[in-house]
Structures are given as structure tokens and as C-alpha cells.
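Notes for the one structure printed next.
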Ligand code: PGA
């Protein structure tokens, strides 16, 4: 008969420290901010502070120190952060094994997507959840810079982003085109113009996404590659805010065509026909090389490959140029006008 394993002696901390406290410590140490940790965990900030005070009392040492406005983990705080990561990694490996044992009936998918991908991600998740109702989905929407931080910290199963990270060891699977186009108010003097040179845009006030945005990064790279500077008039933190500002005639911008999926291109915003546009990008489903994907994550990856083809066809139909305004053979113009103005929900139902 196999020997019964000896009971592990639980130390004092194992009896007194709660997993919730470790989760809070982990988030504060990783994000360097009580406010951001509270937001991420959907807790009030006083709860975060109180739990960390209790934890520090139990440990008997300060865990964080404040220098100016910044919070730093002390040596003890950093050690406990490491220990917490190990505990949570072990728990999520366990969760994954249990989900594997149950096939796709239960389990969890943690997906983090860049802000602009929030137009395509809910569609994918909606379809996937309908096919696998027992699977719980956690979706985090953030900008590219934060998403790359999350990836480096191995916080999610899969990621959707608009460009593979430079030099990082990440497996990236392109699944649907993500063209970037130049948008202006329909009343703008350039609306309706043909073959506008890029240099002409350098005279226009630009509305830019915030630093850390992948869209912004792509625009800056394009201008820099032509020796031009982006004439930024205003910086705004979301595609919706940028679209509002364009519609109000405050300037022009370059955004993903997906940002127009809900209203189509027949509304207040026109897509300009600028040389070199659209910038042809892709949406990528990514994860760090060597990451052990759960059965659920693998199933989602397969699903995205198939569904991506369908979405690509839909977009092609929605935003194809009308025949009369069609391009010269071989060129790749910016999409001009929605022929049916169908919503994303309508696309999803196909
Ligand atoms: P963003 O990323 O939403 O952070 O701008 C979009 C992208 O990388 O294409």
C-alpha cells in the first residue's frame, strides 16, 4: 500500500493571511498604485488600504512605503509579492487541470485586448460563450502599453493586439484585417478629395489617442518614416472620444476602420482617400511562447481562426468601395462608404 503523505505543517501566516489579502498585495505591488489596484479588483480604495494594514500587522513588518506620490514595496513586501505569485500560479495551474478533466463544460477564459479590439472581441466572446455556456469569460480592455505589461506578468490566457511586440518572445496568430484609415468630419474640405498626399495631412490639426496606444504608435511611425511630424492638436483616451471630436470638426485622425463598425461610414465621419492608406494591419491573437494553454484557451484559439475568416468577409462586404468610385486596378484605396450601414450585431448574426 502506498504510504500516506505526512501532513504539511502550516505556519502561522498560512493560518492568518487570507488569499484576498495576497491578491490585493499582488495587485498593489505590480501596479505601484492603490487606486489602480482598487480599480482592477473592483474594490473601494479604503478596503485596499485596510486589508494591507491588516496584512502588514500579521507579517509584523511594513510592506509598502510612500516616497512622494509613489508607492514602493519594501524588501519584505517584494518577498511576499513573489510568494503570492507562486500561490496564484499554482492555483491557476490547478484550475486548468480541473477544467481539462471536465472537457469544455466548465472553465475560465481570461482575455485581455487593446482598446480598439473591443469592437471585435465582444463579438468573438459572444459567439464562443453561446457555443460553450459553462465557460466563464473575463475580459480586460486596456491600451497596448498596459496590455504588454499584463503579458509580461503572465496575467491572462490570451491577448488580442494590433502588432506583435518588438523583440518579445510571443506567439502571434493574425486572424482578421485591421485597416487604419484617415477620418475627418463629412464637412471637412478634404472629404470627397481623391488621392490626397500624406504631406497634406501634416497641415491639419490632429486628434491623437493617448501615449501608450498602439494606434498612435502606428501613426507616429508612418509619419516618421516620411520625415513628417504629426501636428497634434488634442490627445484623447478612447476611440469614441476621438470620433466625437472629429465629428465636431476639431480635427482629423487615423483610427482603425473597426471603430466605425457600429455607425458605418455614412454618418458624420468620412474616410479620406489618402495616398498609402489604409495602413494594412491585422488583429493578432497572442500568448507568450512556452505558455501552457488550457483546453479552453486552445478551443478559443481554434474558434477565433475560423470566426476571423467570417468577420473578414463581412468587413470586406461592409466597407468595399462602391463600384462607381472604385480604384484603379491594383491600388488599395481607403474604404469609402458603407453600402448597408449594418451594425456589428447584424454582422455577428451572419
Ligand atoms: P490601441 O491599440 O487600442 O492601444 O490603440 C490598437 C492597435 O494596436 O492596433
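Any read-out appearing in this document is the output of simple, stated calculations on the displayed coordinates, not a laboratory observation. In this text, all values refer to a predicted model and were calculated from it rather than measured experimentally. Ideal geometry is used to build each Cβ from the backbone, glycine not excepted, and the neighbour counts take in all protein chains shown.
Here is a check on your reading of the model: is residue 87 more than 25 Å from residue 170 (Cβ to Cβ), touching a residue at least 40 places away in the same chain (Cβ under 8 Å) and part of a helix (DSSP H, G or I)?
In short, yes.
Would you mind finding the one in 252, 279 that is more than 13 Å from the ligand (Cβ to nearest atom), farther than 28 Å from residue 154 by Cα, buried (at least 18 other Cβ atoms within 10 Å of the Cβ) and touching a residue at least 60 places away in the same chain (Cβ under 8 Å)?
Only one candidate qualifies: 252.
The rows are residues; the columns are (1) in a helix (DSSP H, G or I); (2) touching a strand residue (DSSP E or B) at 6+ places or on another chain (Cβ under 7 Å); (3) away from the ligand (no atom under 16 Å from the Cβ); (4) farther than 24 Å from residue 34 by Cβ.
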| residue | (1), (2), (3), (4) |
| --- | --- |
| 66 | no, no, yes, no |
| 81 | yes, yes, yes, no |
| 110 | no, yes, yes, no |
| 126 | yes, no, yes, yes |
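Counting only residues that are within 16 Å of the ligand (Cβ to nearest atom) and assigned to a strand (DSSP E or B), which one in the stretch 255-276 is farthest from residue 183 (Cα to Cα)?
That would be 256.
In the stretch 204-215, which residue that is crowded, with 21+ Cβ neighbours inside 10 Å and within 18 Å of the chain's Cα centre (by Cα) is nearest to residue 255 (Cα to Cα)?
Among them, the one singled out is 215.
Against the condition farther than 18 Å from residue 289 by Cβ, within 13 Å of the ligand (Cβ to nearest atom) and in contact with a helix residue (DSSP H, G or I) (Cβ under 9 Å, 6 or more places away or on another chain), how does residue 177 come out, does it pass?
yes
When residues of the stretch 214-236 are filtered for being without any contact (Cβ under 8 Å) to a residue 40 or more places away in the chain and in contact with a strand residue (DSSP E or B) (Cβ under 9 Å, 6 or more places away or on another chain), how many remain?
Total meeting the criteria: 10.
What about residue 147, is it part of a helix (DSSP H, G or I) and within 16 Å of the ligand (Cβ to nearest atom)?
Yes, satisfied.
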